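Structure first, then comments.
The values are calculated or read from the model by the stated rules, or taken from the named source; none is laboratory data. No experiment lies behind these values; they were computed from the predicted model shown. FYI the Cβ positions are ideal-geometry reconstructions off the backbone, even for glycines, and counts take in every protein chain you see.
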Amino acid sequence: MNPQGLLSFVESWENAGAISKGIALGVVLGGGYFASLVLYAIYNVFLHPLRRYPGPLLWRAFRVPYVISIHRGDIHRKMKRFHDEYGSVVRIAPNELSYVDGRAWKDVYGNRPGHLPFERNRTWFKKLSPDEPHSIMGYDEEAHTRMRRTFVNSFSEKSLRDQSPVIEGYVELLINKLNAFATGQQRADNTVDLNQWLNYFTFDVSGDLSFGESFDCLRHGKAHAWVEIAQDFGKALSLIASINLYPPFHKLLRYVIPKKIMQRSFDHRAMSAAKARERLSFESERPDFVTPAQKYNKHKPSIFGSEWEINMAIIVFAGSETAGSALTAVMRELVQNRGVMSRLTEEVRGAFEDASQITIAATGNLVYMNAVINEGLRLDPPVVIGVPRLVPAGGDTVCGQWVPGGTYVAYNQFAANRQSRNFSHPNSFIPERFINPDTKTDDMTSLQPFGIGRHSCIGTKLAYAEMRLVLARLLFAFDIALADETDRWDWGEQKTYILWPQLLRVQVRVPRTSARTGGLLSHPPPARSAAIHDFESYAWRYQVKWSSSAKKTEELLG
Ligand code: HEM
């Protein structure tokens, strides 16, 4: 621009009105912002150290599509589609890689000799407020080690044995309550929202074992206020985590999250802290999560002050929603796959003559039961998307490929378990794959519903014990079918916010006595011990009449 031109521009700017000046400034700033976005996207796609990893263009360029998908609750389906399209590792955000290759478990979550650990990232595991203490679920490795060492005592074989009568008592109550539906006392059509009752059960057990008192959901047939709040907590966690991805704007962006949801997560923490304090004030010992941890802490002080409260709140939540979700998913698969239901019912009714024999210890030997549970955890994993870890500064390899330091990496369970590269007929419910595994078509090492390594699930044994016991008691006591035969859908069709919403309306009926005492049984399953992850090669075939819905599965089984 020559001096004359510059002069006339300055004159016209001075003569312009405030509105025109505002518009012009807006255009300049907007243009600048747009240009920087374009440059940012160009950098991410063409120059970023992760540029060689495949993935959808927009997701590689910006984090926004990921956040939108989290808010929509369809991130698990997106991941599945991306892995179908791009392969076993996909770049799902400028700085995040998603894996469905079983080798990634060890590299990302395990302890590799000679490698630095991949820590929990500080976005998903950020504290709700700065003064909140660290927890067993937190990113601080030193605090985690102290807390895990203490609480692991509450989940040992011995502790589980001590806790068994408590858990069995709640299952008895669950069966009594459902009996009222089965006999038509509650509803003439014998229908019941089983998902609710299963969640009442898991929350009552967790409440008793953590806070020293039941939430009494089973007794009252409705969710306690704490439980209602907790059920929104998963959603709050995922929304908060997605917003935390935008520092320093996350404080402002929190206002985008519905106020009710934010408030509920704060209420949840406050109510939990009050309940935990109450439990800690008990003088006497109880068969629960607190007594063994307290005993350890007395000898080796590891957890202090308010750290107790936050950890107990986390354990209640971690142990209820997950187990409730797993139980509902397995039951849905059973009522949608009548052939599998028949086999399992036959196993249970053949193994026991009376409900009083069905205990946590006695259900550990049910081979088909273990297979059904594992297949449910595969098809409908309670922890839907991967919990991302951070590649240490300096970078490291994952599945043999170099990944720069600071990258988020995660194994995404739903997407992985539904890949045909990992499992044959990945979208079908086929428990037999665990009884007679074909390692050529099914990669069992890729299935880790409870995670692996130092952060793996502390409650695995308890979760299996609860699931086996509840399923055995339910199938022994009732004939269960879908309330509406057309209400069939794939579990993955639901929206998800870390966990699943779960829906299952069924009809429960008291079976004829002969069915309970072996009338159905043609081939009683031999009593033999099956370790949880020991997918023994053991096949037996039942001569049951397959219902039409089971035929598809039967065809797949060959
Ligand atoms: C079917 C049921 C369950 C599933 C699928 C499940 C799954 C998981 C997974 C995948 C993790 C690892 C998270 C990570 O990598 O950051 C985890 C951690 C954890 N789970 Fe579970 N869980 C279940 C039941 C339970 C139960 C019953 C409890 C306790 C009552 C529990 C307590 C915990 C705790 C405290 C952690 C954190 C462990 C640590 O960081 O050291 N979970 N769970």
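I'd like the full set of residues that are more than 16 Å from the ligand (Cβ to nearest atom) and either touching a Lys or Arg at 6+ places or on another chain (Cβ under 7 Å) or in a loop (DSSP other than H, G, I, E, B) (or both), limited to region 438-481.
Asp438, Thr439, Lys440, Thr441, Asp442, Asp443, Phe476, Phe478, Asp479 - these are the residues of region 438-481 that are more than 16 Å from the ligand (Cβ to nearest atom) and either touching a Lys or Arg at 6+ places or on another chain (Cβ under 7 Å) or in a loop (DSSP other than H, G, I, E, B) (or both).
I'm trying to understand the selection: among the residues of region 121-143, which are modelled with pLDDT of 80 or more, within 14 Å of the ligand (Cβ to nearest atom) and touching a helix residue (DSSP H, G or I) at 6+ places or on another chain (Cβ under 7 Å)?
Listed by number, the residues that qualify are His134, Ser135, Ile136, Met137, Gly138.
What are the residues in region 184-221 that are aliphatic (A, V, I, L, M) and either within 16 Å of the ligand (Cβ to nearest atom) or at positive phi (or both), if any?
Leu198, Val205, Leu209
Let me confirm something: among Met312, Met271, which residue is within 14 Å of the ligand (Cβ to nearest atom), assigned to a helix (DSSP H, G or I) and either free of Cβ contacts under 8 Å to residues at least 12 places away in the same chain or out of contact with any Leu (no Cβ under 6 Å at 6 or more places or on another chain) (or both)?
Result: Met312 is the single residue among Met312, Met271 that is within 14 Å of the ligand (Cβ to nearest atom), assigned to a helix (DSSP H, G or I) and either free of Cβ contacts under 8 Å to residues at least 12 places away in the same chain or out of contact with any Leu (no Cβ under 6 Å at 6 or more places or on another chain) (or both).
Identify, from the list Asn412, Asn436, the residue that is within 23 Å of Val340 (Cα to Cα) and not aliphatic (A, V, I, L, M).
So the residue among Asn412, Asn436 that is within 23 Å of Val340 (Cα to Cα) and not aliphatic (A, V, I, L, M) is Asn436.
Residues that are within 16 Å of the ligand (Cβ to nearest atom): find the strands (runs of 3 or more DSSP E) completely inside region 319-422 holding 1 or more of those.
Values: elements: 396-398, 401-403, 408-411.
It comes to 396-398, 408-411.
Among the residues of region 95-102, is there at least one that is crowded, with 22+ Cβ neighbours inside 10 Å and in a helix (DSSP H, G or I)?
Looking through region 95-102, none of the residues is crowded, with 22+ Cβ neighbours inside 10 Å and in a helix (DSSP H, G or I).
Exactly one condition in (1) more than 15 Å from the ligand (Cβ to nearest atom); (2) touching a residue at least 12 places away in the same chain (Cβ under 8 Å); (3) assigned to a helix (DSSP H, G or I); (4) out of contact with any helix residue (DSSP H, G or I) (no Cβ under 8 Å at 6 or more places or on another chain) is not met by Asn297; state its number.
(4)
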